[in-house]
Amino acid sequence: MSRLNRACLLTFFLCWAGTLPFSPGHAQEKIRQYRIIDVHEHIQDKWQALKYFTAIKNNSISSIVLVGSPDQVLFEPKDGLTGFTGFEKNNSELLEISKMYPGKFHAFASFSPDDERMLEKLKSFLKRGGKGLKLYNGHYWFYDFYQIPLDAPHMMPVFEWCEKNRVPIIFHANARYYWPQLKHILDTYPELIVNLPHFCMSLIDLDRIATIFNSYPNVYSDISCGEGELAYTTLEYISRYWELYRGLIKTYKDRFLFGTDMVLTHAPEKDENYVTNVFVCYRKMLENKTYTGVLIDQYLEDNQIVKTKENSLFNGLQLDTDTLDHLYEINSKNFLGIP
Ligand SMILES: [Zn+2]
């Protein structure tokens with residue numbers, strides 16, 4: 001997508017709803033165009049990257065952060081967690097994608113929580129064109145498996161170096177379960193640029209989110225909520241308390257980031273349509289009064305639940321254009337250090 005002048009873009013409106021599979025039927029609905037920077041997507045390999053392009057075109061996406069993923073995140077093994085594997089290959093794929101489509105994708109490396117050579121490997125990744133670090137140390141799967149604290153001795157030099165060199169981190173860290181460890185890191189390195197995704201993994205604790213934002217001006221949080229049951233329950237919860245979440249995002253409008261946290265693999269159902277529909281679903285959640293979408297339908301279908309208005313039509317947040325400008329673009333640029 002050409003990088004059109006922002007002022008010019010404001011004059012463009014896209015007749016969006018008419019083309020959407022989950023449109024509530026308002027064919028005349030006009031949707032304002034943005035230049036969205038999505039900060040949180042997983043992808044198996046370069047062969048999947050083209051699947052983003054229809055979504056990019058139809059949803060005003062200007063660029064996407066691809067986060068390194070181990071096999072355990074890409075394929076969710078049914079027989080329980082067996083460690084953190086395959087991430088080096090995925091890191092390399094992300095670098096290749098970012099080179100194939102310059103400016104469209106930003107690559108963030110991931111490393112095993114117990115990797116004592118993480119800093120050295122991160123430096124090499126950044127030299128090869130990477131833009132940041134993705135950590136899973138505060139994801140309860142890996143936390144339970146490795147039993148390594150977030151502020152483990154081998155991790156603190158990584159945070160110190162990232163702070164000093166302004167390297168952004170997407171830190172999957174449950175700010176409720178592991179708060180003392182996370183707080184220790186944030187207190188020690190207050191200039192560290194961090195995205196604590198998924199509402200800081202503290203969706204139900206708005207006070208915790210407010211405390212984090214009030215205390216640490218360099219912490220952001222993306223609004224992604226994954227796929228499957230996690231997505232459905234999160235969207236349902238936000239719908240139920242939509243006024244609270246609308247208030248929270250407006251109060252901290254310079255701290256929330258856009259991302260969907262899709263895990264794009266070779267799986268046939270993860271096709272171009274699916275990708276487009278996920279973006280549409282999130283945009284409607286943020287912009288519309290009510291909405292439904294693929295993340296809701298998918299959960300109901302997977303669980304053989306009959307779709308009704310009550311279980312599929314959710315309240316959106318109806319955010320104003322200034323808040324959306326921040327969430328979609330301004331905050332992501334600040335997070336990534338894009339002028
Ligand atoms: Zn993720």
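Miscellaneous remarks
- Within region 133-147, the set of residues being among the acidic types (Asp, Glu) and touching a strand residue (DSSP E or B) at 6+ places or on another chain (Cβ under 7 Å) is empty.
- The one condition from (1) away from the ligand (no atom under 16 Å from the Cβ); (2) over 22 Å from residue 281 (Cα atoms); (3) crowded, with 19+ Cβ neighbours inside 10 Å that residue 166 does not meet is (3).
- Matching residues in region 37-68 - criterion: being within 14 Å of the ligand (Cβ to nearest atom) and either out of contact with any Leu (no Cβ under 9 Å at 6 or more places or on another chain) or charged (D, E, K, R) (or both): 38, 41, 64
- Enumeration of residues in region 327-339 that are surrounded by 22 or more Cβ atoms within 10 Å (Cβ to Cβ) and of a type outside the set (A, V, I, L, M, F, W, C): 328, 331, 332
- Selection from region 183-202 of residues that are part of a helix (DSSP H, G or I), among the hydroxyl-bearing types (Ser, Thr, Tyr) and under 28 Å from residue 236 (Cβ atoms): none
- Going through (1) at pLDDT 95 or above; (2) under 27 Å from residue 51 (Cα atoms); (3) away from the ligand (no atom under 16 Å from the Cβ); (4) not in a helix (DSSP H, G or I) one by one, residue 306 falls short only on (2).
- Qualifying residue in region 196-218 (condition: charged (D, E, K, R) and touching a Pro at 6+ places or on another chain (Cβ under 9 Å)): no
- Filter result for residue 249 (among the β-branched types (Val, Ile, Thr) and under 17 Å from the mean Cα position of the chain (by Cα)): yes
- Hits in region 242-286 (condition: outside any loop (DSSP other than H, G, I, E, B) and either at positive phi or among the aliphatic types (A, V, I, L, M) (or both)): 244, 248, 249, 257, 263, 264, 275, 278, 280, 285, 286
- For region 295-324, a residue qualifies if it is among the charged types (D, E, K, R) and touching a helix residue (DSSP H, G or I) at 6+ places or on another chain (Cβ under 6 Å), and exactly one does: 307.
- The criterion of being modelled with pLDDT under 95 and not in a helix (DSSP H, G or I) holds for residue 82.
- Pairing residues of region 249-274 that are acidic (Asp, Glu) with residues that are away from the ligand (no atom under 16 Å from the Cβ), at Cβ distances under 7 Å and at least 6 apart in sequence or on separate chains, gives 254/326; 254/331; 271/51; 272/51; 272/54.
- Residue within region 69-89 that is exposed (fewer than 14 other Cβ atoms within 10 Å of the Cβ), within 16 Å of the ligand (Cβ to nearest atom) and within 29 Å of residue 228 (Cβ to Cβ) present: yes
- Any hit, region 155-165, residues being part of a loop (DSSP other than H, G, I, E, B), at pLDDT 95 or above and more than 22 Å from the chain's Cα centre (by Cα): yes
- Residue 331 fulfils the conditions (1) outside any helix (DSSP H, G or I); (2) more than 30 Å from residue 77 (Cα to Cα) except for a single criterion, (1).
- Test for residue 263: is it at pLDDT 95 or above and under 25 Å from residue 87 (Cα atoms): yes
- Among the candidates 174, 195, the residue that is polar (S, T, N, Q), within 15 Å of the ligand (Cβ to nearest atom), at pLDDT below 95 and on the phi < 0 side of the Ramachandran plot is uniquely 174.
- Within region 203-241, the residues that satisfy the criterion of being assigned to a loop (DSSP other than H, G, I, E, B) and within 16 Å of the ligand (Cβ to nearest atom) are 203, 223, 224, 225, 226, 227.
- Each residue in region 120-142 was checked for being in a strand (DSSP E or B) and under 15 Å from the mean Cα position of the chain (by Cα), and 5 pass.
- Any hit, region 226-233, residues being crowded, with 22+ Cβ neighbours inside 10 Å and touching a residue at least 24 places away in the same chain (Cβ under 8 Å): yes
The values are calculated or read from the model by the stated rules, or taken from the named source; none is laboratory data. Here the structure is a predicted model, which is why all the values come from computation and not from measurement. Don't worry about glycine lacking a Cβ; one is built from the backbone with ideal geometry, like all the others, and counts go over all protein chains shown.
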